[in-house]
Structure formats: structure tokens, C-alpha cells
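Visitor: Below is the structure I would like to discuss, written out as C-alpha cells.
The values are calculated or read from the model by the stated rules, or taken from the named source; none is laboratory data. Please read all numbers here as calculations on a predicted model, not as lab measurements. Cβ: placed from backbone, ideal geometry, glycine included. Neighbour counts: every protein chain shown. Protein only, heavy atoms only, side chains kept; ligands, DNA and RNA dropped before computing areas. Shrake-Rupley method; radii C 1.70, N 1.55, O 1.52, S 1.80 Å.
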Amino acid sequence: MAPLRYLSGFGSEFASEDPRCPGSLPKGQNNPQKCPYGLYAEQLSGSAFTAPRTHNRRTWLYRILPSAVHTPFSPVEQPYLTHDWKSSDPNPNQMRWHPFPIPHINKEKVDWVQGLHTICGAGDPCARHGIAVYAYMCNTSMVDTCMYTSDGDFLIVPERGTLHITTEFGKMDVVNNEICVIQQGMRFSVEVDGESRGYVMEVFDAHFELPCLGPIGANGLANPRDFLTPVAWYEDRKVPHGRYTVINKYQGKLFQAHQDQSPFNVVAWHGNYVPYKYNLENFCVVNSVSFDHLDPSIFTVLTCQSVKPGVAIGDFVIIPPRWEVQANTFRPPYYHRNCMTEFMGVIKGSDEAKEEGFRPGGAVLYGMMTPHGPDAAYFQGASNAELKPQRVGEGTMKFMFESSLSLALTEWSQKTCECVDAEYYKCWLPLKSHFNPDWKPE
């Protein structure tokens, strides 16, 4: 099979047509009286029509049948997907989960949608304000089924297994150490090769954007050219008995409709509202070359900003392999209490600060103003280490979903889930006082 092709750039104006139908993009206009090849013109709007041009997002799709051709939606039960943040009591403790269990295919077939489990969140998609964090654990592909969310944008982080994603815009393969973003309203279907697991952040307010670089300058962190968008691909496929299922996440609930044709019938498209993926190995790391441990915001890949300048509804931050060269510095992350909420996961390798307990497929959550930092053994080691240039985190990748909202846990994530580490707090108990009132400067 030939490798998939992509378009390069972030927030760009793209145009793509399936090479099987040359000239399928209308020339010089968006919706001619008759489209080439007898196609239908359909606009997918990701912003208000009157949004400023710098924030206006839309794409024109030229498809075999409009997306409106389906039966009425009806509710679908998915017991692990919820936005009811009041169903469980607040919990200010440090939380850690061992790797989330993947169902065995011999016992139960679970596709990507069925495997979504809400861990925490805040806000309300009806008010277009908030965030939800999920884990997905699945073992089988979505067959004659697609999904879209009316509530927000999905940022998907695979930890185990490759996701073969078909969208209305084309196909993407997303492997470990890559991420993808599928924005509000975009239909997609996920195929897997076997057991698969990962994480999802959904933001309700706005779309993800690259962080401002400020004094860093014009280059660094995640460079726009490294974001990849699929090229147009279509299938003109009928499904017997009208049993192709379209799942819509709407106001925090799932609904399904049926149709007799594949939704991936877009022959050509143009616009700037697209799905995309990014390889985290392409991140250009910035760090201190003199002293002190800088704030983790220097590792921000994407951000969804609130109406307050510099305050994020959701940041996607990574802790990548890097050089550390700071002099006279405690180099690990400092002890911290944060006005933001921090949810962290391991994509590969281990956490250098807590190697035994924080493993790929697991997670930690530090709620608003919940204290956290290195455990006793790591503190002792870093406090007495020789401060020579050192390569840190080789072969690992951790990430953080950080939000200005106070995220509430679900009943499943703090009580029902079998992988909650009830003894996480004990890693800090061996910390001892080193206070010496007779200390004198050297």
C-alpha cells in the first residue's frame, strides 16, 4: 500500500482534490449552479460567519451526497461518557491511575467510540465553555460507523497502537508519539490493528492554535510546517439496508442516525478548517542555558485560549527529551501549587521523577492548588547530583493537559475504575526537613 500523502502547514488555506477526479474543485467560486462531476457543494463552518478574518474558519466540501441525507437521530447509551460533573463528590487529592485496562478481544469487542471513558472535566458544551478529558481503550475497528462531535474539538494522543483515521477530508495514520486534532463537526472513523489506548482532550470554547512565541522570536517550539493535513480521498460506497451509522456527540450525549452511503464521499475540498496531525519529535525545545528550571509553558505545543489574555481553557504541553545544562540549579520540576489544573500522561518510556508508579497508559491529576513535585528519592538524588550537561528523558515522552478550569472527576475515574492508585500520596511522606538554623554561607 502506498504511503499516505499530506498537506503541510498550520491554519493555512488548503485546496485538495482526489486525483481520480481532476478538475473537481470549482474554478473561481464556491457554489456554482452546477458543480463539476455532478457534486454537491457543502460548507463546514468552524466559526461565525462574521468572525474576524484572522479567526474565521470554514471549508467547502464537494461531495457525492450532502451530509443531511440520513434518518433522524436517536439516543445511544454509552455508560462511560458523561459531562455530569456533579455526579461525584469533589476530590482535592493528588490522583494517579495505573495503566487503564484494555478489554480483551476474546471477551468483548470494543471500538474507539465504545472505548471512550470520561476521566474529568468542567463546563458545559451548551454554553460553549469548558473541557473534558477522556481515555480510550479499544480493540476493534469502527465498521460502517463514523463519529463527529458537535460540542468541541478533539485532541487525540495515542499511547498504544496506530490509529488509521478516515475523515471527510482524507486519511491519516496517527502513531505513537504523534497527535491529531479533529475539529468540531468533522466526521471520522477509526480503524485499529489490535489493542489500542490513548488520551483525548475536548475543548468546547474555541479551536486550538499555536502559542505566541513572544521574545523567543519567529521560530521554535512547534513549527507550522510540521503539521500535516490529509489530502482528498473519497469512496462512492453503498451500504446495504441503510445501516451505515453516524454517531453525533451532542450536548454531552451520543446519538445515532443511519444512511445507506458512506459519509466519506468528499471528492474535493478547499478551506482552512481541517483535521491535522503532528509528530512530537519535531518539537524544537527551548530551555534555560544558564540557571533555574523554567516554567513548563515553554513546552506548549497547542493552546485553546480563554477570553483572558494568556489564560488557557486547555493547553497541550509535552515533556520531551532534552539537554539540561543549568548551573547551581535543582533541575527537576520544582514543588508546585498551581492555579491551573494539571492532567498528565506517559506516551512512552517512564517518568524520570517517579519511574516505578507513573507508566505509559496511566495518568496523574493535580487539581487546582493541589501540591505536587518530586518524591523523596528523586529530590535527594537531584540535590546531590553532579551538575554536568546531561541528556534527560531519552526514549520517553510525557504530556500534560493544563486548564484554567477546576476539573471534576467522574464516578468511574475515582471510584469504579480498577486502576486508581490509592497509595499515591505515600511517595511524598518520606520527605524530611533539612532545615539548619546554624547554616552559614560558604
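Visitor: Looking at (1) within 18 Å of residue 194 (Cβ to Cβ); (2) open to solvent by less than 40 Å² (accessible area, probe 1.4 Å); (3) under 17 Å from the mean Cα position of the chain (by Cα), find the lone condition where residue 164 falls short.
Guide: Only one criterion is unmet by residue 164, namely (2).
Visitor: Is it true that residue 39 is over 17 Å from residue 271 (Cβ atoms) and at pLDDT 95 or above?
Guide: For residue 39, the condition - over 17 Å from residue 271 (Cβ atoms) and at pLDDT 95 or above - is not met.
Visitor: Here's a follow-up. Mind checking which residues of the range 66-87 are over 30 Å from residue 408 (Cα atoms) and either free of Cβ contacts under 8 Å to residues at least 40 places away in the same chain or of a type outside the set (A, V, I, L, M, F, W, C) (or both)?
Guide: If we filter the range 66-87 for residues that are over 30 Å from residue 408 (Cα atoms), which is where we start, we get 66-72.
Correct list: 66, 67, 68, 70, 71, 72.
Visitor: Next question, about the same structure. Could you tell me which residue of the range 385-430 is nearest to the chain's Cα centre (by Cα), considering only residues that are among the basic types (Lys, Arg) and closer than 30 Å to residue 291 by Cβ?
Guide: 398
Visitor: Restricting attention to the range 46-66, and to residues there that are touching a Phe, Trp or Tyr at 6+ places or on another chain (Cβ under 7 Å) and aromatic (Phe, Trp, Tyr), which single residue is least open to solvent (accessible area, probe 1.4 Å)?
Guide: Ranking the qualifying residues of the range 46-66, first place goes to 62.
Visitor: Based on what the data block shows, is residue 302 open to solvent by 20 Å² or more (accessible area, probe 1.4 Å), closer than 21 Å to residue 57 by Cα and in a strand (DSSP E or B)?
Guide: In short, no.
Visitor: Next up: Taking the range 308-328 only, how many residues are over 20 Å from residue 153 (Cβ atoms), in contact (Cβ under 8 Å) with a residue 12 or more places away in the chain, outside any strand (DSSP E or B) and open to solvent by 10 Å² or more (accessible area, probe 1.4 Å)?
Guide: Result for the range 308-328: 4.
Visitor: Got at least one residue in the range 358-366 being surrounded by fewer than 19 Cβ atoms within 10 Å (Cβ to Cβ), of a type outside the set (D, E, K, R), within 22 Å of the chain's Cα centre (by Cα) and in a loop (DSSP other than H, G, I, E, B)?
Guide: no
Visitor: Could you list, in sequence order, the residues of the range 21-46 that are touching a residue at least 24 places away in the same chain (Cβ under 8 Å) and part of a loop (DSSP other than H, G, I, E, B)?
Guide: If the condition is that a residue be touching a residue at least 24 places away in the same chain (Cβ under 8 Å) and part of a loop (DSSP other than H, G, I, E, B), then 21, 24, 25, 26, 30, 31, 35, 39, 46 are the ones that fit.
Visitor: What residue, of 93, 106, is free of Cβ contacts under 8 Å to residues at least 40 places away in the same chain and among the polar types (S, T, N, Q)? Can you show your working first?
Guide: On the way: 93 fails: free of Cβ contacts under 8 Å to residues at least 40 places away in the same chain.
From the options 93, 106, the qualifying one is 106.
Visitor: Considering 151, 205, 236, which residue is in contact (Cβ under 8 Å) with a residue 60 or more places away in the chain, in a loop (DSSP other than H, G, I, E, B) and crowded, with 22+ Cβ neighbours inside 10 Å?
Guide: On the way: 205 fails: crowded, with 22+ Cβ neighbours inside 10 Å; 236 fails: crowded, with 22+ Cβ neighbours inside 10 Å.
Testing whether each residue is in contact (Cβ under 8 Å) with a residue 60 or more places away in the chain, in a loop (DSSP other than H, G, I, E, B) and crowded, with 22+ Cβ neighbours inside 10 Å leaves just 151.
Visitor: Could I ask something else about it? So residue 88 ticks every box in (1) open to solvent by 30 Å² or more (accessible area, probe 1.4 Å); (2) small (Gly, Ala, Ser); (3) part of a loop (DSSP other than H, G, I, E, B) but one. Which box is left unticked?
Guide: It is condition (1) that residue 88 fails.
Visitor: Looking at (1) open to solvent by less than 80 Å² (accessible area, probe 1.4 Å); (2) in contact with a helix residue (DSSP H, G or I) (Cβ under 9 Å, 6 or more places away or on another chain); (3) in a loop (DSSP other than H, G, I, E, B), which one does residue 118 not meet, given that it meets all the others?
Guide: Result: residue 118 passes all but (3).
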